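Written below as structure tokens is the structure these notes are about.
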Amino acid sequence: MTSYEESYLDKRPQSLCKMCGKCCRFVTIPQTYEEIQKLASEGHEGAKDFLKLFEPYESIEDARKIDAAAVDNVIRLHKQDGKYNENLKFYHCRFIREDNLCGNYENRPVLCNHFPSTPWAIVPPECGFEGWLFWKREEIKQKVRKEKEELIELKLLKQKTHDKDTIAKIELVEQKLQRNIDMYKKYGSEDW
Ligand code: SF4
Ligand code: SF4
């Protein structure tokens, strides 16, 4: 069976990529630089791979000198409760070339090949995928809204029956729908 990621990647129109190289130049991660270094020193493969590829900018200002709009966009998206995330660090790949092509193309990691790997991926302003990702997010939101409506209908249906088998069947469908909705919880599906 094709996984969600495989089918998403199959449908992603690669021709939308403008080959601007910005996604290789302004990378951020949830961990601090010290945390990722510690993980790498403890043998964490993902952290080791990350540091083999990416080098941190000395400061946010240094990253802004390359492309202020791309950096400010990430900072805006990482603001929580209006507060600036002080641990935010920007990295650039050691292999990105002046002409924006990958100097490590044959051996680039899967994560490069898969970018942007979800409709919620943070892409730089004017990335060729911006509009397409927006529509993909809208499609998912619409699907989730429909599932919420179905849950309401099932609840009403359950109130009308006393048949245990029917109730059990309804509850199975309810659970399945709820699982689908919860899959997008981290993207805010409770509020859609
Ligand atoms: S930022 Fe977007 S358009 Fe530019 S290289 Fe990356 S994926 Fe392609
Ligand atoms: S390995 Fe290539 S594709 Fe991956 S981040 Fe570096 S330059 Fe970009």
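Each value in this text was obtained by applying a stated rule to the coordinates, not by laboratory testing. In this text, all values refer to a predicted model and were calculated from it rather than measured experimentally. Counting neighbours? That spans all protein chains shown, and the Cβs are built from the backbone with ideal geometry, glycine included.
Overview of results
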read-out: Stokes-Einstein diffusion coefficient of region 61-156, Kirkwood radius over Cα pairs, 37 °C, 0.692 mPa s, in µm²/s; value: 197
read-out: Tilt relative to the chain, helix 60-78 - C-alpha long axis, 0 to 90 degrees, to 10; value: 10
read-out: Normalised contact order of region 4-128, rounded percent, pairs of Cα under 8 Å and 6 or more residues apart; value: 37
read-out: Equivalent ellipsoid semi-axes - Cα gyration tensor, region 1-89, angstrom; value: 25, 21, 15
read-out: Enclosed volume per residue, in Å³, of the convex hull spanned by Cα atoms of region 101-167; value: 124
read-out: Relative contact order (%) - region 135-191, alpha-carbon pairs under 8 angstrom, separation at least six; value: 41
read-out: Cleavage-rule hits (GluC sites (Glu not before Pro)) in region 85-192: DSSP loop, at most 10 neighbouring Cβ within 10 angstrom; value: Glu86, Glu98
read-out: For Ser189, Ser59, Ser3, Ser117, order by how many other beta-carbon atoms lie within 10 Å, fewest first; value: Ser3, Ser59, Ser117, Ser189
read-out: Kirkwood hydrodynamic radius (C-alpha pairs) into Stokes-Einstein, the chain, 4 °C and 1.567 mPa s, D in µm²/s; value: 66
read-out: Sorted by Cβ density within 10 Å, fewest first, the residues Cys24, Cys102, Cys93; value: Cys102, Cys93, Cys24
read-out: In region 72-132, the trypsin sites (Lys or Arg not before Pro) that fall in loop regions by DSSP, at most 16 other Cβ within 10 Å; value: Lys79, Arg94, Arg97
read-out: Estimated FRET transfer efficiency when R0 is 41 angstrom, pair Arg97-Glu149 (beta carbons, to 0.05); value: 0.25
